[in-house]
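Novice: Supplied in structure tokens, the structure appears directly below.
We did not get these values from a lab; they are worked out from the coordinates using the rules stated. Source: prediction; values computed, not measured. Quick reminder, even Gly has a Cβ in these numbers, built from the backbone with ideal geometry, and neighbours come from all protein chains shown.
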Amino acid sequence: MSKKSLKKKLMLGKRLKQNRRIPVLALLRTHRRIAFNKFQRDWRHRKLRLHVD
């Protein structure tokens, strides 16, 4: 296994947080104005393409 740099770890953590589902309560409160998460992806088919310097 390769070791990740701190920069990469932080960035992967940020992407993980962005990828989370939108809470049901938020959907109900906004009357589905925020119906989907644009950061969400299918982990089986789409890779996380990140460019880390």
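Novice: When the dipole is taken about the Cα centre of the chain, and only Lys, Arg (+1) and Asp, Glu (-1) are charged at their Cβ, what size is it in debye, to the nearest 20?
Specialist: Dipole magnitude for the chain comes out near 100 debye.
Novice: To continue, here is another question. Based on DSSP H runs of at least 4 residues, each adding -39500 (n - 2.57), what is the mean residue ellipticity at 222 nm of the chain after dividing by all its residues, to the nearest 500 deg cm²/dmol? Numbers along the way, then the final one.
Specialist: Values: 2 runs with 19 residues, N = 53.
Dividing the helical sum by the residues of the chain leaves -10500 deg cm²/dmol.
Novice: I've got another one for you. Explain nothing, just compute: Karplus ³J(HN,Hα) = 6.51 cos²θ - 1.76 cosθ + 1.60, θ = phi - 60°, for every residue of region 6-17 in order, whole Hz, x for Gly and Pro.
Specialist: Taking θ as phi minus 60°, the curve returns 4, 4, 5, 4, 4, 5, 5, x, 5, 5, 4, 5 Hz for region 6-17.
Novice: Which of the lysines could a cross-linker span from LYS3 if the Cα-Cα distance has to be under 29 Å and same-chain partners fewer than 8 positions apart are dropped?
Specialist: LYS14, LYS17, LYS47
Novice: For the chain, which longest stretch is free of loop sites, where a loop site is one of the trypsin sites (Lys or Arg not before Pro) that DSSP puts outside H, G, I, E and B and that has at most 10 other Cβ atoms within 10 Å?
Specialist: Excluding the exposed sites themselves, the longest stretch runs over 4-19.
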